[in-house]
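Colleague: My structure is below; once you've seen it, I'll send some questions.
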Amino acid sequence: MSTSTTTDSAARARDLLGVSGLTNRALAAWLHGLPGVDQVGCEARAAGLKTRSIKTDSKRWAIDLAISMIDLTTLEGADTPGKVRGLATRALVPDPSDPSTPSPAAVCVYGDMVAVAKETLGESGIGVAAVATAFPSGRASLEVKLADTREAVAAGADEIDMVIDRGAFLAGDYLTVYDQIVAVKDACTRADGSAARLKVIMETGELVTYDNVRRASWLSMLAGGDFIKTSTGKISPAATLPVTVVMLEAVRDWHALIGEMVGVKPAGGIRTSKDAISFLVAVHEIAGEDWLDNTWFRFGASSLLNDLILQRQRMSLGVYSGADYIADDAPSAY
Amino acid sequence: MPTFEYAPAPESRAVVDIPDSYRLWIGGEWVEGRGTPFPTINPATEETLSTVAEATAEDVDAAVRAARTAYTRIWSRMSGTDRGKYLFRIARIMQERARELAVLETLDNGKPIKETRDFDVPTAAAHFFYHAGWADKLEYAGLGSSPRPHGVVGQIIPWNFPLLMLAWKIAPALACGNTVVLKPAETTPLAALLFADICQQADLPPGVVNLVTGAGATGQAIVDHPGIDKIAFTGSTAVGKMIARSIAGSDKHATLELGGKAANVVFDDAPLDQAIEGIVGGIFFNQGQVCCAGSRVLAQENIVDDVVDRLKRRLETLRLGDPLDKNTDVGAINSERQLARITELSAVGEAEGAVRWDTGCPLPKNGFWFRPTLFTEVSQSHRIAQEEIFGPVLSVLTFRTPGEAVAKANNTPYGLSAGVWTEKGSRILWMADQLKAGVVWANTFNQFDPTSPFGGYKESGYGREGGRHGLAAYVRKGTQQ
């Protein structure tokens, strides 16, 4: 099973690049042949999308959609089973005062907390995503990264959020980045042949330029990532709108080229409903309607849910409540 | 709601108070016009907004006399520092009343509120701020040690940017010590008339700015008036030529900012997604009713299909409709006459063999509307590639080499602006050197700043507006005696 997946993706990659063997030189030629991104123009486009005014029915719809797209996240050294249980319970009942509130898509935790989250979430349909591969730095051997992934999958993770080797990427060693993604993708396969969905974290804050973000996006898709994700949340800047615009362009163009959809997950720094709605506008106007679904778009966030619920309550009550009216199972310990 | 439909988000009209009728603003007072009053309508609904006085030659004479009096008795004697204070005051009031100006401009012109709010009004205020700063520094502008104003300046402005063109004209004129008789376009007089109110609020001395409304005859009266020292005109090349003919042999100075048929040149190494944005902004901003609009795309032949596919996909996301809605990207065409011209030239394009495509979006029932339209397989000899359409119509042509791109870009009677899209810096510099256009934008389009001179080559006119170069149009160079 595992060998055939590797072979398939390698064959497809060679086919796409039109080469007989995947080498750094072949990958560089392909990635560097992508159109460049003009920074000023890209940021202006993102700023333009931000000026969309989403009101009344559209806002109500967008808030519910945004809630359903959240990977409710806790990734702290101080995470305890109690905190993870609380977070998972929060995902089951996001707003005790209004049962019509949709649930987030998944709970995102470190690998050792997967079982705890899974136990609380049961068969609710809310997924468990685990960060793996020596998150967040990714500075470990491939063996360690794969073991990390396999353990999380074995513990019941539905999704794996891996980090790429940014050092290798910046050094121009695209083949290492590619090979690692392929290997981790392979490790996502369960004994029964099914597989956890793989989100590839590019840590765009460390890649810095939009050209790099575009290249890393294409490299991740080439290697078989099911999602491309901006950030770990541990590096600033994390998920900015212009970076997400570049990634949405990448999945749109990849779909036009290959006919396959890849998901996008901005993570880190998206805290308000207004921000979240700007991202949805970008999804709508750049990638298109097909991506407006939590199969294809996610927000990696912890506090965003609170603001979305606050706004949701305001829209049904007509007045703002306040932090004490939003049940919060994951307040900061500090 | 199965899809992401943006609910209407209209800006409120309540901030604007439009009286039933307007008079002329001469010598700091509202006076009756002697001509036949005419209506001004909202082109998005065809609703009459107000009735405006028509200024006859006699009225223009009164305005010129008021301007002359203000010039000799007050404005030319005032220190630059004091003139600057008035301009700063006007700029601040424009910012304070920005929402009112934006809504009024959208009502009278038909352009989307997001443009008036984010572009027209802020940029107009910026022009006053910028020129306010120059008022007491003219000796250091490189225009001689003692630059002197012309005196009374006659200014005639178009309907596509009613407030911004007013700012481009009035701010440098006043900063340099001239007084002004200005005629706004007959289809969009309301912004200028609200500006009169702003001048009053700023306590600008009477007669420094005079506003006369009317159509071609009123403009002709300004051009012909012997008391006018300089004409500044923005508008069509045909009218520009008439003006040049009228003032030939007189000692009137003139600056003319006329038509354009700009090319956006897209090389195969361009940042493609941003190039698409630039092309779309270049031709669909203000419904393409922009003299420097990028109405031609010159795409390198090896990427033209990709460019056209991307353009079409992007055009599908443009939202056409109520200009007051904050999510509207494409508003109404300014007048029935302009719509007829756009319709006619587009039909000619089709008849001549170019392939027409539009978004097929629904159009509102009332008002003047034209869908964003794209022509492919356009040849240099097609009329749509030569004539200024002044509407949301884009022609796509191709080129093979940089030399051919330059030749085709320059091959029009106009020379106002151009865009170059490439990641190669050396090519940008080479292209900028070769293109016969007053403005060349690199990897961007339609960027305006008061510090940057704007103006044309060939039939796009002469003289510059903005920056230090723009000041030169409003002074006589001189040296201290």
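The values are calculated or read from the model by the stated rules, or taken from the named source; none is laboratory data. This one's a predicted model, so the numbers in the text were calculated from it and none came from an experiment. Using ideal geometry, Cβ is built from the backbone for each residue, glycine included, and neighbour counts are taken over all protein chains shown.
Colleague: Taking the criterion of being more than 14 Å from chain B (Cβ to nearest Cβ) and hydroxyl-bearing (Ser, Thr, Tyr), would at least one residue in the range A:312-320 satisfy it?
Modeller: For the range A:312-320, residues more than 14 Å from chain B (Cβ to nearest Cβ) and hydroxyl-bearing (Ser, Thr, Tyr): present.
Colleague: Right, something else. Going residue by residue through the range A:49-69, is there one that turns out to be closer than 24 Å to residue B:442 by Cβ, within 14 Å of another protein chain (Cβ to nearest Cβ), in a helix (DSSP H, G or I) and aliphatic (A, V, I, L, M)? Let's see the steps before the verdict.
Modeller: Step one: of the range A:49-69, the residues closer than 24 Å to residue B:442 by Cβ are A:49.
Right, trim to within 14 Å of another protein chain (Cβ to nearest Cβ) and you get A:49.
Keeping just the survivors that are in a helix (DSSP H, G or I) gives A:49.
Those left that are additionally aliphatic (A, V, I, L, M): A:49.
The answer is yes, given that some residue of the range A:49-69 is closer than 24 Å to residue B:442 by Cβ, within 14 Å of another protein chain (Cβ to nearest Cβ), in a helix (DSSP H, G or I) and aliphatic (A, V, I, L, M).
Colleague: While we're on this one: Mind checking whether some residue in the range A:308-318 is buried (at least 21 other Cβ atoms within 10 Å of the Cβ) and within 18 Å of the chain's Cα centre (by Cα)?
Modeller: Taking every residue of the range A:308-318 in turn, none turns out to be buried (at least 21 other Cβ atoms within 10 Å of the Cβ) and within 18 Å of the chain's Cα centre (by Cα).
Colleague: Just checking: which of the strands (runs of 3 or more DSSP E) contained wholly in the range B:384-469 hold 2 or more residues that are at pLDDT 95 or above and among the hydroxyl-bearing types (Ser, Thr, Tyr)?
Modeller: Answer list for the range B:384-469: B:393-399.
Colleague: Then there's this: Test each condition in (1) of a type outside the set (D, E, K, R); (2) in contact with a Gly (Cβ under 7 Å, 6 or more places away or on another chain); (3) more than 26 Å from residue B:289 (Cα to Cα) for residue B:158 and report the one that comes out false.
Modeller: Every condition holds for residue B:158 apart from (3).
Colleague: I've got another one for you. Filter the range A:32-46 down to residues that are more than 7 Å from chain B (Cβ to nearest Cβ) and within 22 Å of the chain's Cα centre (by Cα) and give me whichever is farthest from residue A:102 (Cα to Cα). Break it down into steps so the answer makes sense when it comes.
Modeller: In the first step, residues of the range A:32-46 are kept if they are more than 7 Å from chain B (Cβ to nearest Cβ); the result is A:32-34, A:39, A:43-44, A:46.
Now narrow it down to the ones that are within 22 Å of the chain's Cα centre (by Cα): A:43, A:46.
Working: A:43: 32, A:46: 28 Å.
Ranking the candidates gives A:43 first.
Colleague: Which fully enclosed helices (runs of 4 or more DSSP H) of the range B:214-295 have 3 or more residues being out of contact with any helix residue (DSSP H, G or I) (no Cβ under 8 Å at 6 or more places or on another chain)? Quick ask: steps written out before the conclusion?
Modeller: Details: elements: B:216-224, B:237-247, B:272-284.
Result: B:237-247, B:272-284.
Colleague: Turning to a different aspect of this structure: I'd like the full set of residues that are surrounded by fewer than 24 Cβ atoms within 10 Å (Cβ to Cβ), of a type in the set (D, E, K, R) and more than 14 Å from chain A (Cβ to nearest Cβ), limited to the range B:268-311.
Modeller: B:301
Colleague: Can you pull out the residues in the range A:95-117 that are buried (at least 24 other Cβ atoms within 10 Å of the Cβ) and part of a loop (DSSP other than H, G, I, E, B)?
Modeller: Of everything in the range A:95-117, those that are buried (at least 24 other Cβ atoms within 10 Å of the Cβ) and part of a loop (DSSP other than H, G, I, E, B) turn out to be A:104, A:105.
Colleague: Let me ask something else about it. Is one or more of the residues making up the range B:177-197 surrounded by fewer than 22 Cβ atoms within 10 Å (Cβ to Cβ) and more than 21 Å from the chain's Cα centre (by Cα)?
Modeller: yes
Colleague: Right, something else. Being in contact (Cβ under 8 Å) with a residue 40 or more places away in the chain and surrounded by fewer than 16 Cβ atoms within 10 Å (Cβ to Cβ) is true for just one of A:282, A:327. Which residue is that?
Modeller: Result of the check over A:282, A:327: A:327.
This table checks each residue for (1) buried (at least 19 other Cβ atoms within 10 Å of the Cβ); (2) modelled with pLDDT under 95; (3) not aliphatic (A, V, I, L, M).
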residue: A:27; (1), (2), (3): yes, no, no
residue: A:30; (1), (2), (3): yes, no, yes
residue: A:33; (1), (2), (3): no, no, yes
residue: A:64; (1), (2), (3): no, no, yes
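Colleague: Only one residue in A:152, A:140, A:157, A:134 is of a type in the set (Gly, Ala, Ser), modelled with pLDDT of 95 or more and in a helix (DSSP H, G or I), so which one is that?
Modeller: Every option except A:152 fails the conditions.
Colleague: Name the residue, out of B:436, B:477, that is in contact (Cβ under 8 Å) with a residue 12 or more places away in the chain, touching a Leu at 6+ places or on another chain (Cβ under 6 Å), away from chain A (no Cβ under 14 Å) and of a type in the set (Lys, Arg).
Modeller: B:477
Colleague: A follow-up question, please. Would you kindly identify the helices (runs of 4 or more DSSP H) lying entirely within the range B:48-140 that contain at least 2 residues that are away from chain A (no Cβ under 14 Å) and over 20 Å from residue B:193 (Cα atoms)?
Modeller: Here the list reads B:57-70, B:80-96, B:121-134.
Colleague: Consider the range B:330-358. How many of its residues are touching a helix residue (DSSP H, G or I) at 6+ places or on another chain (Cβ under 7 Å) and either surrounded by 20 or more Cβ atoms within 10 Å (Cβ to Cβ) or free of Cβ contacts under 8 Å to residues at least 12 places away in the same chain (or both)?
Modeller: 6
Colleague: Within the range B:290-329, which residues are touching a Lys or Arg at 6+ places or on another chain (Cβ under 9 Å), without any contact (Cβ under 8 Å) to a residue 60 or more places away in the chain and under 27 Å from residue B:40 (Cα atoms)?
Modeller: The one that is touching a Lys or Arg at 6+ places or on another chain (Cβ under 9 Å), without any contact (Cβ under 8 Å) to a residue 60 or more places away in the chain and under 27 Å from residue B:40 (Cα atoms): B:320.
Colleague: Also: Among the residues that make up the range A:229-238, is at least one of them surrounded by 24 or more Cβ atoms within 10 Å (Cβ to Cβ) and in contact with a helix residue (DSSP H, G or I) (Cβ under 7 Å, 6 or more places away or on another chain)?
Modeller: yes
Colleague: Residue pairs, Cβ under 9 Å, 6 or more apart or interchain, first in the range A:54-70 and at positive phi, second part of a loop (DSSP other than H, G, I, E, B). List them.
Modeller: Listed by first residue and then by second, the contacts come to A:56/B:7; A:56/B:8; A:56/B:9.
Colleague: Then there is this: Listed residues A:269, A:322, A:263; which is surrounded by 19 or more Cβ atoms within 10 Å (Cβ to Cβ) and not aliphatic (A, V, I, L, M)?
Modeller: A:263
Colleague: Given (1) over 22 Å from the mean Cα position of the chain (by Cα); (2) of a type in the set (D, E, K, R); (3) surrounded by 24 or more Cβ atoms within 10 Å (Cβ to Cβ), where does residue B:77 come up short, assuming only one miss?
Modeller: (3)
Colleague: Could you tell me whether any residue of the range B:457-465 is crowded, with 23+ Cβ neighbours inside 10 Å and touching a Pro at 6+ places or on another chain (Cβ under 9 Å)? Before you say what the answer is, go through the steps one by one.
Modeller: In the first step, residues of the range B:457-465 are kept if they are crowded, with 23+ Cβ neighbours inside 10 Å; the result is B:460-461, B:465.
Keeping just the survivors that are touching a Pro at 6+ places or on another chain (Cβ under 9 Å) gives B:460, B:465.
Yes, the conditions are met somewhere in the range B:457-465.
Colleague: Please state which one of A:21, A:82, A:86 is away from chain B (no Cβ under 14 Å) and either part of a loop (DSSP other than H, G, I, E, B) or within 28 Å of residue B:277 (Cα to Cα) (or both).
Modeller: From the options A:21, A:82, A:86, the qualifying one is A:21.
Colleague: Can you find a residue in the range B:356-371 that is touching a Phe, Trp or Tyr at 6+ places or on another chain (Cβ under 7 Å) and farther than 20 Å from residue B:237 by Cα?
Modeller: Scanning the range B:356-371 turns up at least one residue that is touching a Phe, Trp or Tyr at 6+ places or on another chain (Cβ under 7 Å) and farther than 20 Å from residue B:237 by Cα.
Colleague: Does residue B:320 satisfy the condition of being over 18 Å from residue B:390 (Cβ atoms) and surrounded by 22 or more Cβ atoms within 10 Å (Cβ to Cβ)? Spell out how you get there, then give the answer.
Modeller: On the way: over 18 Å from residue B:390 (Cβ atoms): no; surrounded by 22 or more Cβ atoms within 10 Å (Cβ to Cβ): yes.
Considered against the rule, which asks whether it is over 18 Å from residue B:390 (Cβ atoms) and surrounded by 22 or more Cβ atoms within 10 Å (Cβ to Cβ), residue B:320 comes out as no.
Colleague: Considering only residues that are among the small types (Gly, Ala, Ser), touching a strand residue (DSSP E or B) at 6+ places or on another chain (Cβ under 8 Å) and either touching a residue at least 40 places away in the same chain (Cβ under 8 Å) or not in a helix (DSSP H, G or I) (or both), which ones fall in the range A:232-262?
Modeller: Of everything in the range A:232-262, those that are among the small types (Gly, Ala, Ser), touching a strand residue (DSSP E or B) at 6+ places or on another chain (Cβ under 8 Å) and either touching a residue at least 40 places away in the same chain (Cβ under 8 Å) or not in a helix (DSSP H, G or I) (or both) turn out to be A:233, A:238, A:239.
Colleague: Of the numbered conditions (1) without any contact (Cβ under 8 Å) to a residue 40 or more places away in the chain; (2) surrounded by fewer than 22 Cβ atoms within 10 Å (Cβ to Cβ); (3) in a helix (DSSP H, G or I), residue A:212 fails exactly one; give the number of that condition.
Modeller: Residue A:212 satisfies every listed condition except (1).
Colleague: Shifting gears a bit: Restricted to the range B:1-34, and to residues that are within 14 Å of another protein chain (Cβ to nearest Cβ), surrounded by fewer than 19 Cβ atoms within 10 Å (Cβ to Cβ) and in contact (Cβ under 8 Å) with a residue 40 or more places away in the chain, which residue is farthest from the chain's Cα centre (by Cα)?
Modeller: This residue is B:8.
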